[in-house]
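Note sheet for the following structure.
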Amino acid sequence: MANEINIGFAGNPNCGKTTLFNAYTGANLKVANWPGVTVEKKEGRFQFHQTDYRLVDLPGAYSLTCYTMEEQVTRQYILSDEVDVIIDVADASALQRNLYLTLQLIELGKPVILALNMMDIVEKRGMEIDTHRLPEMLGIPVIPVSARRKTGLDILMHAAAHHVGCPADTPLIHHHSGASSTESTRPRHRHQHHAEFAMVYSDLIEDKIDQLTGQLKRRYPGLQNYRWHAIKLLEGDQEILEKYPVDCPDVLDRSYEPDIIGQKYDFIDEIIQEVVVNKEERSALTDRVDSLLTHQVLGLPVFLLIMALVFFLTFTVGDWLKEYFQMGLDFFSAGVLGGLEALEVAPMVTSLIVDGIITGVGGILTFLPNIVILFLALAFLEDSGYMARVAYVMDGIMGRLGLSGRAFIPMILGFGCSVPAIMASRALENKRDRYKTMLITPFMSCSARLPIYVLFSEMFFPRQAMLAAYSMYLLGLLVAVLCAFVMRLLEGGKTKGSALLIELPEYKSPSAHTIFIYVWEKVKDYLTRAGTVIFAASIIMWALLNFGPSGYSTDMGSTFGSLLGKWLAPLFAPVGLGYWQIVVALIAGISAKEVVVSSCAVLFSVNNVNSAAGMASLSAILGGMGFGPANALALMSFSLLYIPCAATLATIRKETDSWRWMLGAAVFQVAVAWVVSFVVYQTALALLGPA
């Protein structure tokens, strides 16, 4: 047996593939991009019975026909020499839909094991699956598992280890007789294909496969899996036609893809009739819940109410927890200051450490409880199956805006982080949709902006802090929709988005393990930024505010930072942000949006800015400058909409392969932020009055 076994996890979206992958790897996984493309790649390792396993979580795909980049990546990886065994993860409660990919994987000629996931749901719904007959009909091992309950995992890996090295031409344990129950319908081929292959087509197609196989053997000796290549030629697969052209005009007289697809589904129907007992289309509970959550009229208000509840928890629970963080930070800061003074460290170095690093980075860390609660809620909604419903509800609205309903999926991801949200736009079908989506997705309020909302809403709207922060999320969604609508008008109003094809999975109890990994990855990213980007930004900000043309200065008004801010302040005055300190904080926020808060702490010399004393101090300073509630709303609005963080800009550059598009997007977003903030400020000024 090989020292290391490479296993590819394939499956439909929402089949529990990632949950199963996480059950094996835990937090020991590596996330990167596939070479040359921006599809996320998850890789993990673990050891079982003294054998090392390398697991790769392939992108979710419904087929291997390469309609999307995910399907292309999955197919190319499986065809490569990297994979030893394919574990096809199927949702056992929706077996009929999942088996289409299974049949395609089997035809690739690699060792395949079918993992029947969510068997607990099958049992709960009173269904039964004949796990003895199913492998006979498919010719591959079939292992029942439950990724959520972690049952059947050892058996699955044991089967994978023993399936390594099975040659593609190994006779299948296949007792399916097809349609040959009578003499008149028995296949008339030169070979008894039912003894060799799981999926056997009609006489017409099998004859053509035989002819093409002969041609391929003559022209391309040594090619692996001639049958699969012959089928792809009949389907008109562009990649195979270009790589392995054959001169068979009589055989390839048209595309036989519709015939092949239809016959696959006929075989799937036959399998389901034989192996599934007490089959139900969907559970009654899912139907009842969906009657409300996906309702044509009520679906959107319900989504907004659910998000309002998320923010209620983020503020109430998060604020209770952050008090303990603030106490710890106060104690740490005082201890460091006392230690430095006892050691008689130079005042400039003391200022850098206490006023720059601890004030900047520490101010961000106190928001960690709010961030954790937000991600816990989002992970719960995603793993329960609800987020797919949100995209479905928004499908009609996105279509009227000239975008595919699938465009709302990256926008939903934008509530967590703009970088994967921008990357998710690759799933859209055409370039126009992708570029428009990348332009408006940064308007979704990512988690990095939450510290800004928490700080300024609690300072200026203490009784309505949650509503003030929640309004920013609604504002971002509204601005994105309006921008898409305007772009459609500029295109002549003729473009209409394609319909959304999305799976609505069964509702299920979220997996605590999956939620833990999701939240931990986000928290780790937040802490990494605090220790790198925000750390560096805090030092740079301190330097800008302590050095000027004449060198080191304790007079902040004569430093490089103040000179830059004062030069740009007139541009921000109409939107209520004409204060050089605020301008400098916004410029620093381009590195990472949390830096706006840490910069304010450094700029106004406020230690532990998120504490009650810190907020009172900062509020008094701002109030003395004439900065009031209207200005706070304008600042939150501008922070929401202006240039996204540097990582997001880099992702836009990579996705579009264009510096011009990246810079154009940045200018567009600044212009939108200025206009919207102007409207917000002037409206708030009229309603709330000056500070």
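Points to keep in mind about this one:
- Applying the set (1) at pLDDT 90 or above; (2) more than 25 Å from Ser471 (Cβ to Cβ) to Ala646 leaves exactly one unmet item: (1).
- Scanning segment 73-99 for residues that are over 23 Å from the mean Cα position of the chain (by Cα) and in a helix (DSSP H, G or I) gives Leu79, Ala92, Ser93, Ala94, Leu95, Gln96, Arg97, Leu99.
- Every residue from segment 541-583 that is more than 26 Å from Met636 (Cβ to Cβ), within 42 Å of the chain's Cα centre (by Cα) and either assigned to a helix (DSSP H, G or I) or without any contact (Cβ under 8 Å) to a residue 12 or more places away in the chain (or both): Ala543, Phe560, Leu563
- The condition (being touching a Ser or Thr at 6+ places or on another chain (Cβ under 8 Å) and modelled with pLDDT under 85) is satisfied by just one residue among Thr25, Thr19: Thr19.
- Only residues that are closer than 24 Å to Gln76 by Cβ, open to solvent by 30 Å² or more (accessible area, probe 1.4 Å) and either touching an Asp or Glu at 6+ places or on another chain (Cβ under 8 Å) or not in a helix (DSSP H, G or I) (or both) were counted across segment 228-259, and they come to 6.
To keep it simple, each residue is scored yes or no on (1) free of Cβ contacts under 8 Å to residues at least 60 places away in the same chain; (2) under 16 Å from Gly109 (Cβ atoms).
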position	(1), (2)
Ser202	no, no
Glu206	yes, no
Arg218	yes, no
Arg227	no, yes
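- Which listed residue is touching a residue at least 60 places away in the same chain (Cβ under 8 Å), buried (at least 20 other Cβ atoms within 10 Å of the Cβ), under 20 Å from Arg434 (Cβ atoms) and under 31 Å from the mean Cα position of the chain (by Cα), from Ala665, Ala647: Ala665
- Among residues that are in a helix (DSSP H, G or I), small (Gly, Ala, Ser) and over 20 Å from Arg75 (Cβ atoms), Gly222 is not included.
- Among the residues listed as Phe638, Phe627, the single one being within 21 Å of Pro442 (Cα to Cα), aromatic (Phe, Trp, Tyr) and open to solvent by less than 40 Å² (accessible area, probe 1.4 Å): Phe638
- Residues located in segment 414-434, provided they are in a helix (DSSP H, G or I), modelled with pLDDT of 75 or more and either within 19 Å of Leu374 (Cβ to Cβ) or in contact with a Cys (Cβ under 7 Å, 6 or more places away or on another chain) (or both): Ser418, Val419, Ala421
- When Thr683 is tested against (1) more than 19 Å from Leu450 (Cα to Cα); (2) buried (at least 21 other Cβ atoms within 10 Å of the Cβ), only condition (2) is not met.
- Residue match in segment 573-594 (condition: buried (at least 21 other Cβ atoms within 10 Å of the Cβ), under 29 Å from Val667 (Cα atoms) and touching a Pro at 6+ places or on another chain (Cβ under 9 Å)): yes
- Every listed requirement among (1) touching a helix residue (DSSP H, G or I) at 6+ places or on another chain (Cβ under 6 Å); (2) free of Cβ contacts under 8 Å to residues at least 40 places away in the same chain is met by Ser677 save one, (2).
- Test set (1) closer than 21 Å to Pro644 by Cβ; (2) open to solvent by 10 Å² or more (accessible area, probe 1.4 Å) - Ser550 fails condition number: (1)
- Count of segment 300-354 residues which are touching a Ser or Thr at 6+ places or on another chain (Cβ under 6 Å) and at pLDDT 75 or above: 1
A quick yes/no check of all residues on (1) over 30 Å from Arg148 (Cα atoms); (2) surrounded by fewer than 21 Cβ atoms within 10 Å (Cβ to Cβ); (3) over 19 Å from the mean Cα position of the chain (by Cα); (4) at pLDDT below 85:
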| site | (1), (2), (3), (4) |
| --- | --- |
| Cys446 | no, no, no, yes |
| Tyr453 | yes, no, yes, no |
| Phe461 | yes, yes, yes, no |
| Gln464 | yes, yes, yes, no |
| Ala484 | yes, no, yes, yes |
| Glu491 | yes, yes, yes, yes |
| Gly497 | yes, no, yes, yes |
| Ile502 | no, yes, no, yes |
| Lys508 | no, yes, yes, yes |
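- One residue alone among Ser558, Ser562 is on the phi < 0 side of the Ramachandran plot and in contact with a strand residue (DSSP E or B) (Cβ under 6 Å, 6 or more places away or on another chain), and that residue is Ser558.
- All of Asn117, Asn98 fail the test of being surrounded by 23 or more Cβ atoms within 10 Å (Cβ to Cβ) and within 15 Å of Leu20 (Cβ to Cβ), apart from Asn117.
The values are calculated or read from the model by the stated rules, or taken from the named source; none is laboratory data. Keep in mind that this is a model prediction, so the values were computed, not measured. Cβ coordinates were reconstructed from backbone atoms using ideal geometry, including for glycine residues, and neighbour counts include every protein chain displayed. Side chains included, ligands, DNA and RNA excluded: accessible areas come from the protein's heavy atoms. Shrake-Rupley method; radii C 1.70, N 1.55, O 1.52, S 1.80 Å.
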